[in-house]
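Computed from the coordinates by the stated procedures, all read-outs in this text should not be read as laboratory data. Quantities reported herein were computed from a predicted structural model and do not represent experimental measurements. Quick reminder, even Gly has a Cβ in these numbers, built from the backbone with ideal geometry, and neighbours come from all protein chains shown.
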Amino acid sequence: MKIGFIGLGNMGSPMVRNLIKAGHQLTVFDIVESSVKQIVEKFPANAVAAASPKDIACANLDLIITMLPASSHVRSVYEGPNGIFAHCSPNTALIDSSTIDPQTARDLATIAIHQHIVMLDAPVSGGTGGAEAATLTFMVGGAEEYFLRFRDILSLMGKNIVYCGGSGNGQVAKVVNNMLLGISMIGTAEAMSLGVTLGMDPKVLAGIINTSSGRCWSSEIYNPFPGVLENVPSSRGYTGGFGTDLMLKDLGLAAEAAKLAKQPVPLGSLAQQIYQTFSLQGKGQLDFSAIIQLFQKQ
């Protein structure tokens, strides 16, 4: 399959590599020219560079995948005068794997329908490690027949490909899941800090939590207390992983969606404020599990 890919950041680049390893031909673009050069030089037989999203849209490809930082970037790439919708053929399908607000995803899907273009929203979970290992979870919104048509392509980049319903529902699943993750990490950080301050060994405490009713992913798989688990950000100075500012962005998306739906999310709003405070302290680039530092004596 001839595939265009726009957005070669920490997630997009390994996703592209996995598609190329499966034998597909890729046309790639990113505003960071070195990211494009790295892919093209490593895979000269399977990857070519494009000068703009317009060039990709005009290339008569089977599929274009986008993986971009925020809703504003996605709207620019799709809706701008040199964007995808202005130049894309109905023969080219579109999949946006960025994490954006559900309403933007639905707006784009409406434009695609009017232009007789197939489009899916398919944000991912699993981080850079999942992108590299092709074990991502894809949460897919759009017409089910299109989901079935492109499920095999997504399975080259991910392990769990989940159909969530109509357009925008992939984004709904993503922002709701990440809101819960942000809340649970704060709770785990607070509990671990209290227990250790009161005299518990952190590994013993984590073991009890993980075999009791307090068990959750934030404690069992991604514990924020240093030294409890190996190969997680808390044991390497909170580097790598999922940045605090990225979590803050997703909590903002959840808050905006809740506002439009007039749905109260008091814990989500509080979590957003806590991560905002941490980011304003200059900690935005640290993994989000570093939020435990707010509960520790410096």
Value in Å of the Kirkwood radius, where the stretch 2-167 supplies the Cα pairs that are averaged:
15.4
Determine the dipole magnitude for the stretch 1-156: charges of +1 sit on the beta-carbon of Lys and Arg, -1 on that of Asp and Glu, nothing else is charged, the reference point is the Cα centre, and the result goes in debye to the nearest 20.
280
Anything over 26 Å Cα to Cα? Flag those among K249/K283; K54/K259; K37/K283; K159/K283; K2/K37, in the order listed.
K54/K259; K37/K283; K159/K283
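Given the peptides 273-286, 182-195, 76-89, arrange them by the average over their residues of other C-beta atoms within 10 Å, most packed first.
Ranked by mean Cβ neighbours within 10 Å, highest first: 182-195, 76-89, 273-286.
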For A133, net neighbour charge (Lys/Arg +1, Asp/Glu -1) across residues whose Cβ lies under 15 Å away:
+2
Treat the stretch 172-295 as a sphere of radius equal to its Kirkwood radius over Cα pairs and apply Stokes-Einstein at 4 °C in a medium of 1.567 mPa s; give the translational diffusion coefficient in µm²/s, rounded to a whole number.
88
If you take every residue apart from G240 with its C-beta less than 15 Å away from the C-beta of G240, what net charge results, scoring Lys and Arg +1 and Asp and Glu -1?
-2
Contour minus Cα-Cα span, F295 to K2, at 0.36 nm per residue, comes to 100.4 nm
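For the stretch 2-167, what is the percent of antiparallel DSSP beta bridges, rounded to the nearest 5?
Percentage antiparallel, nearest 5: 10.
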For the S235, S72 Cβ pair and Förster radius 35 Å, calculated FRET efficiency rounded to 0.05 is 0.50
Please turn the phi angles of the stretch 255-266 into ³J(HN,Hα) values with the Karplus equation 6.51 cos²θ - 1.76 cosθ + 1.60 (θ = phi - 60°), one per residue in order, whole Hz, x for glycine and proline.
5, 5, 5, 5, 4, 5, 8, 6, 10, x, 9, x
Helix-only estimate, please: 222 nm mean residue ellipticity of the chain, summing -39500 (n - 2.57) across DSSP H runs of length 4 or more and dividing by its residues, to the nearest 500.
-14500 deg cm²/dmol
Work out from phi, with θ = phi - 60° and the Karplus expression 6.51 cos²θ - 1.76 cosθ + 1.60, the ³J(HN,Hα) of each residue of the stretch 216-221, listed in order in whole Hz, and give x for Gly and Pro.
7, 4, 5, 8, 7, 9
Estimated vicinal HN-Hα couplings, Hz - the stretch 48-64 in sequence order (Karplus 6.51, -1.76, 1.60; Gly, Pro = x):
10, 8, 10, 8, 6, x, 4, 4, 5, 5, 8, 7, 6, 8, 6, 8, 10
Taking a straight Cα-to-Cα line shorter than 16 Å from K203, and setting aside same-chain aspartates and glutamates fewer than 8 residues away, one finds E190, E220, E230
What is the P(r) of the chain, as percent of Cα-Cα pairs per 10 Å bin from 0?
6, 27, 32, 22, 11, 3, 0
What does the charge count around K249 come to, taking other residues whose C-beta lies under 13 Å from its C-beta (Lys +1, Arg +1, Asp -1, Glu -1)?
-3
The set of residues whose placed amide H lies less than 5 Å from the amide H of M119, leaving out same-chain residues fewer than 5 positions away, is L94
